[in-house]
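Comments concern the structure below.
The values are calculated or read from the model by the stated rules, or taken from the named source; none is laboratory data. Since the structure is predicted, the reported quantities are computational estimates derived from the model, not experimental observations. Cβ placement follows ideal geometry from the backbone for every residue including glycine, while neighbour counts extend to all protein chains displayed. For accessibility, only protein heavy atoms count, side chains too; no ligands or nucleic acids. Shrake-Rupley method; radii C 1.70, N 1.55, O 1.52, S 1.80 Å.
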Amino acid sequence: MDKFCQKFKGYDKKSRKVRKDGDMIFLLFLIVNLNSAKTQFAKSSPVIDGMFDGNKVYNQYIRNFVKIKPTDTEIPSESIKVYSTYDNINLYIFFKVYQKGEITSSTVRRDHNFSLDDWVEVVISPFGESKESYSFMVNPRGTKWDAHFTEDGAGGGKEWDGRWECKTMIYRGGWNAEFSLPFRLFKYSDKDTIWRINFYRYTKNKDELDSWSNIGIENNRYRVSMFGYLIIHPPRKKVRNVIIPYISYMTSDRILKEGIDMKTILFSKFSFSGTYKPDFCQVEPDMDKINLSKEAEIYLPEKRPFFLEDFGAFDMDIPVFYTRRIIDFDKGIKFSTHLKGLKAVSFYTKYDSLQERIKGLRLKKYGIFGNLDAGGMIIDYRDNLSNEISYAGDTRVRFLKNANLLLNYALIRNNKDEGLPDALESWFSYANKHFYLSLGYKDYQKDFAPVLGFITRNDIKGPIVNISYRTYLSKNLKIKIKTLFNKLRNHEDEKVLYGWRGNIEATLNNSYGFYFYNNRFGHRYGEDYFQNNFYDSGIFCDLGDKISFTTGFASGDFYGGKMEYPYFSVFLHPLTNINLSFSTDYSKVRYGDTIEKELISIVKCEYKVSSFLSFRIFYQKHSINTEKTKVFNSLIKIRLLKSLKGYIVYDREDKKENIYIKAIYEYRM
């Protein structure tokens with residue numbers, strides 16, 4: 001091939017081949033088929049060290065990036081080159097980043113927030129017609145971030161962790177990042193020779209995001225249909241089994257526990273996973289938050305490994321299934337596949353002591369009549385006292401360039417209530433580089449409360465309008481304005497959630513800023529209706545790689561009382577392998593002569609001694625009036641061998657304490 005990056009005039013989806021007589025222009029990322037030059041490639045296979053191995057290994061590159069933000073020009077301020085090659089095991093991506101200014105990198109914890117760092121990212125979708133993608137990101141220090149997304153980024157998330165390698169190198173005038181991505185991470189068929197791919201580069205000091213494919217706006221970062229093409233002949237996948245037995249011991253009760261996880265890949269696109277007697281003692285504790293909404297519980301992210309991969313497909317606008325409702329179980333299985341635009345995921349869990357059995361099925365078809373996606377979901381819950389089945393469906397039509405029309409419907413059937421309580425949501429959204437508009441309508445019946453759902457309010461109906469605007473007043477000054485209008489009433493035509501809220505945020509040099517927030521929502525709590533009106537303002541500051549903090553104060557009318565709510569959080573990075581964070585939230589609400597006080601203080605420390613040893617410490621103090629709870633959790637992670645890990649966990653909540661000793665061995669065949 002004479003050129004690595006070429007322009008073609010179309011792509012035939014039926015034959016899955018590039019054609020030269022179409023009307024649309026696509027940017028194709030061409031990769032040499034290594035099978036045709038196997039001997040030559042084997043002599044110069046890349047060494048993953050962050051250093052450029054020369055043109056014998058990486059002999060083609062792309063550099064035609066566009067700037068997504070700021071929007072003053074589409075030309076990136078500094079250039080970037082991306083090289084690529086592959087073999088029968090890995091796909092190799094090499095970023096050569098040119099950067100004359102300061103290189104910012106502070107995060108050392110995997111999957112932590114990269115908002116304070118420079119970074120590069122590659123996003124891959126083996127199924128070109130789907131909305132599913134895999135993201136791999138790294139900062140100059142070599143800290144990794146990865147995620148598995150569904151629904152163009154609306155489902156899934158960073159909880160997915162793959163085993164891949166990346167090395168970086170910082171030098172005068174820029175930095176390098178070299179990725180080694182095993183093909184076993186992806187679900188694909190060897191007949192899928194055209195994948196979708198995109199590359200991103202973010203410079204923190206300039207708040208600049210550059211993209212290889214012109215995605216138009218930042219919100220489209222995981223919109224697969226906006227990606228470029230990757231032409232590749234991947235190796236044929238064989239049946240693969242991963243078996244992970246473990247053993248753990250809890251010292252307080254002298255309980256020895258053993259279990260096993262397993263995963264099987266069948267025919268490239270089918271996967272089967274199972275777990276028996278799962279144990280999650282190494283999972284980080286949840287952080288408490290002050291709940292400013294009396295009628296709604298706080299959403300907690302899922303951290304348990306079994307519920308991470310593939311369960312993002314169950315995320316819907318009407319949340320009839322929330323995995324954190326499954327508190328404990330003895331065994332579980334799940335099955336997933338992706339065939340020609342059809343995504344299917346099913347699961348089953350059982351908890352013997354409560355005779356609890358939960359089954360679920362999710363189907364989604366993409367690209368019906370071009371721009372129509374439609375799917376359905378069934379959740380079946382049964383225990384020794386009750387049973388309930390939830391049905392849900394969703395459709396999405398994409399038209400114009402950045403407009404969407406969505407319709408979601410759900411109903412439940414159980415052995416307690418008569419009738420079929422249902423819920424309906426419809427949304428229209430439009431976005432461009434500066435402006436975002438969302439128009440919606442909700443109608444939730446009074447008895448719509450699925451056992452496994454996360455429904456913050458039922459018995460509501462009415463319209464919702466969400467508007468946001470972002471602009472750059474100068475090269476270094478960014479302004480964001482957001483407004484939300486709700487006119488939700490119950491089915492007796494009484495106000496439930498009625499009013500508006502708005503906020504404005506200004507950021508200078510992507511490091512310093514302030515925000516102002518005003519909430520004028522009326523809330524119905526029980527039989528009473530309160531007109532809330534409170535203000536929230538604060539500042540945030542990033543002082544280089546070593547320290548960043550946020551502090552603010554909220555006050556006003558709150559559910560018939562007067563609220564005062566100061567808060568503060570700080571992140572410290574004293575050394576390259578140590579992260580420290582501290583946060584405190586305090587609220588005081590006065591109802592006449594009665595005062596309700598709540599205080600939450602959290603301290604976290606992470607220390608990575610080496611690639612074989614790391615520590616984590618978590619301390620939380622939560623007090624409500626005179627009641628106090630304290631949580632202390634520490635973890636020592638030891639990597640004994642490549643496939644053998646050990647955990648020592650000390651957990652104390654008030655006067656109850658436990659010590660867990662756990663060993664995990666991963667066997668692949």
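Using 0.36 nm per residue and subtracting the Cα-Cα separation, the extra length available between Thr483 and Arg110 on full extension is 130.9 nm. What segment 229-308 shows is 53 Å² of accessible area per residue, with the surface traced by a 1.4 Å probe over protein heavy atoms.
Peptide packing: for 138-148, 216-226, the average count of neighbouring Cβ atoms within 10 Å per residue gives the ranking 138-148, 216-226, highest mean first.
Evaluating kT/(6 pi eta Rh) at 20 °C and 1.002 mPa s, with the Kirkwood radius of segment 306-354 over Cα pairs in the Stokes-Einstein relation, gives 174 µm² s⁻¹.
Ranking Phe94, Phe311, Phe571 by how far each Cα lies toward the positive end of the dipole of the chain (charges on Cβ) leaves Phe94 at the top. Candidate cross-link partners of Lys100 among the aspartates and glutamates, defined by an alpha-carbon separation under 19 Å and a same-chain spacing of 8 or more, comprise Glu78, Asp117, Asp118, Asp207, Glu208, Asp210, Asp545. Cβ-Cβ distance of Asn415 and Arg254, R₀ of 56 Å, FRET efficiency by 1/(1 + (r/R0)^6): the value works out to about 0.85. So if we plug the beta-carbon distance of Glu527 and Gln355 into 1/(1 + (r/R0)^6) with R0 = 51 Å, what FRET efficiency do we get, rounded to 0.05? According to the calculation, E is roughly 0.85. Counting 0.36 nm for each residue step from Glu564 to Asp328 and taking away their Cα separation leaves a gain of 81.2 nm.
Spin-label model, Phe516/Phe280: points 7 Å from Cα along the beta carbon direction are separated by 4.3 nm.
The residues of segment 458-514 expose, per residue, 54 Å² of accessible area to a 1.4 Å probe. The residues of segment 317-392 expose on average 44 square angstrom of accessible surface per residue, using a 1.4 Å probe on protein heavy atoms.
When a 1.4 Å probe is rolled over the protein heavy atoms, the share of accessible surface on the chain that falls to carbon and sulfur comes to 56 percent. A cut-off of 5 Å between modelled amide H atoms, ignoring neighbours fewer than 5 places along the same chain, links Ser614 with Val609, Lys637.
Enumerate by residue number the trypsin sites (Lys or Arg not before Pro) in segment 582-669 meeting two conditions: DSSP loop (anything except H, G, I, E, B), and at most 15 other Cβ atoms within 10 Å of the site's Cβ.
On the way: sites: Lys588, Arg590, Lys597, Lys604, Lys608, Arg616, Lys621, Lys628, Lys630, Lys637, Arg639, Lys642, Lys645, Arg652, Lys655, Lys656, Lys662, Arg668; in loops: Lys642, Lys655.
Here the trypsin sites (Lys or Arg not before Pro) that fit, given the DSSP loop and packing criteria, are Lys642, Lys655.
Taking one equal scatterer on every alpha-carbon of the chain, how large is log10 of I(q)/I(0) by Debye at q = 0.06, 0.08, 0.11 1/Å? At q = 0.06, 0.08, 0.11 Å⁻¹ the computed log10 ratios are -0.37, -0.69, -1.45. How charged is the neighbourhood of Ile48? Take every other residue with its Cβ under 12 Å from the Cβ of Ile48, and add Lys/Arg as +1 and Asp/Glu as -1. Residues close to Ile48 contribute a combined charge of -3.
Computed over the chain, relative contact order equals 8 percent, with contacts defined as Cα pairs under 8 Å that lie 6+ residues apart. In the chain, the calculated helix contribution to ellipticity at 222 nm averages 0 deg cm²/dmol per residue, counting -39,500 (n - 2.57) for every DSSP H run with n ≥ 4.
Note on Ser77 and Lys401: the model spin-label points, each 7 Å out from Cα along the C-beta direction, lie 2.5 nm apart. With contacts taken as Cα pairs under 8 Å and at least 6 residues apart, segment 285-389 reaches a relative contact order of 16 percent. What the phi angles of segment 225-230 give under the Karplus curve with 6.51, -1.76 and 1.60, with θ = phi - 60°, is a coupling list of 5, 8, 6, x, 9, 10 Hz, glycine and proline written as x. Here the chain is treated with +1 on each Lys and Arg Cβ and -1 on each Asp and Glu Cβ, and its dipole about the Cα centre works out to around 2580 debye. For segment 384-483, the list of GluC sites (Glu not before Pro) that fall in a loop by DSSP and count at most 13 other C-beta atoms within 10 angstrom reads Glu418.
Listed cross-link partners Lys158/Lys608; Lys303/Lys604; Lys67/Lys364; Lys269/Lys359; Lys289/Lys487; Lys478/Lys588 are compared with a 24 Å cut-off, the Cα-Cα value being larger for Lys67/Lys364; Lys289/Lys487; Lys478/Lys588.
Before anything else, pin down the relative contact order of segment 144-249: Cα pairs under 8 Å, at least 6 apart, normalised by residue count, whole percent.
On the way: 118 pairs, mean separation 23.7, N = 106.
So the answer I get is 22 percent.
Eigen-decomposition of the gyration tensor built on the alpha-carbon atoms of segment 581-653 gives equivalent ellipsoid semi-axes of 38, 12, 6 angstrom, largest listed first. Put a dot 7 Å past the Cα of Phe553, heading toward its Cβ, do the same for Leu439, and the two dots end up 4.2 nm apart.
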